[in-house]
Ligand SMILES: NC(=O)c1ccc[n+]([C@@H]2O[C@H](COP(=O)([O-])OP(=O)(O)OC[C@H]3O[C@@H](n4cnc5c(N)ncnc54)[C@H](OP(=O)(O)O)[C@@H]3O)[C@@H](O)[C@H]2O)c1
């Protein structure tokens, strides 16, 4: 009897909620898959691992910590030995104009959405090369191609990720490490609830699901597609920004476009922390 081909060994960052969790659930259905789940909330990762039905381990780590990438590498080497797919999905957004948030908001956003992706990829690349054919998927955003007021830090981090991914694609292709890029539009998740859009019948259709984003990630990773918008029609936004920049600037500069700068889970957490701090201040 022929030996069964082993399934893919996959690292998914940001697996404790939203798109990362949906991606882990989808990858777990691939024959022979083994998963490594990465995020900060360990209880979420442990519970997800218990329900996936495939060999799954996890690393509870803050990816912005100095030793974060090294801890993931040591875990993968110790428990799995090789690596077929790295999904760089962990990310967040704090909405603020530049006047409100300044450099500090840009710094913390870049640290998570760009620097930590580059640092984890650097740590895992030797393993991906020795396991080739293998793949990296970087989860960017349509916002990396089309910015809106209040999203400057986020758009900058995702723009940087897009440019870096394009270069890495060209550099690693000859050695068999595929680099895929996924650009989600509005996806309703814990971190990006998209309430402002979901609550209005006129804009509800703009919002998609984490499961659809997960399919795009599989397509860009195991399917070795270089680039995937999700939902697919969002490529029109990126194309219009290049072909008709004045039209896009006018549309985005108008007051009606403010609804597209949706409040995030990180914004809500920060507002909650401020209220909590005020409540404990001596009066
Ligand atoms: N939803 C959308 O509309 C949308 C659109 C475009 C792009 N995206 C991108 O898609 C990715 C996933 O977002 P999502 O919508 O699924 O949001 P989400 O539900 O908030 O998930 C974000 C994940 O990142 C993890 N994470 C955050 N900070 C981390 C840190 N310092 N270290 C390790 N893990 C960290 C979170 O886990 P812990 O809190 O447990 O650490 C969580 O698992 C992000 O890169 C986001 O920018 C989302």
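The values are calculated or read from the model by the stated rules, or taken from the named source; none is laboratory data. As the structure is a computational prediction, the values presented were derived from the model and not from experiment. No Cβ is skipped: glycine too gets one built from the backbone with ideal geometry, and neighbour counts run over all protein chains shown.
Residue by residue, here is whether (1) at pLDDT 95 or above; (2) within 11 Å of the ligand (Cβ to nearest atom); (3) not in a loop (DSSP other than H, G, I, E, B) holds:
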residue: 163; (1), (2), (3): yes, no, yes
residue: 166; (1), (2), (3): yes, no, yes
residue: 169; (1), (2), (3): yes, no, yes
residue: 172; (1), (2), (3): yes, no, yes
residue: 178; (1), (2), (3): yes, no, yes
residue: 182; (1), (2), (3): yes, yes, yes
residue: 190; (1), (2), (3): yes, yes, no
residue: 193; (1), (2), (3): no, yes, no
residue: 200; (1), (2), (3): no, no, no
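Residues are listed down the side, and each one gets a yes or a no for (1) at pLDDT below 95; (2) in contact with a strand residue (DSSP E or B) (Cβ under 9 Å, 6 or more places away or on another chain); (3) over 17 Å from residue 88 (Cβ atoms); (4) surrounded by fewer than 18 Cβ atoms within 10 Å (Cβ to Cβ):
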residue	(1), (2), (3), (4)
117	no, yes, no, no
127	no, yes, no, no
150	yes, no, yes, no
157	no, no, no, no
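Which residues, counting only those in segment 202-211, are at pLDDT below 95 and either within 28 Å of residue 103 (Cβ to Cβ) or surrounded by fewer than 18 Cβ atoms within 10 Å (Cβ to Cβ) (or both)?
Selection gives 202, 203, 204, 205, 206.
Need a quick list: helices (runs of 4 or more DSSP H) entirely within segment 1-100 having at least 2 residues that are within 16 Å of the ligand (Cβ to nearest atom), touching a residue at least 60 places away in the same chain (Cβ under 8 Å) and at negative phi. Reasoning before the result, please.
Details: elements: 18-27, 42-52, 68-79.
Those helices (runs of 4 or more DSSP H) span 18-27, 68-79.
I'd like the full set of residues that are assigned to a helix (DSSP H, G or I) and more than 10 Å from the ligand (Cβ to nearest atom), limited to segment 215-229.
215, 216, 218, 219, 220, 221
Tell me which residues, restricted to segment 144-161, are free of Cβ contacts under 8 Å to residues at least 40 places away in the same chain and either within 11 Å of the ligand (Cβ to nearest atom) or in a loop (DSSP other than H, G, I, E, B) (or both).
Filtering segment 144-161 down to residues free of Cβ contacts under 8 Å to residues at least 40 places away in the same chain leaves 144, 155, 159.
Across segment 144-161, the qualifying residues are 144, 155.
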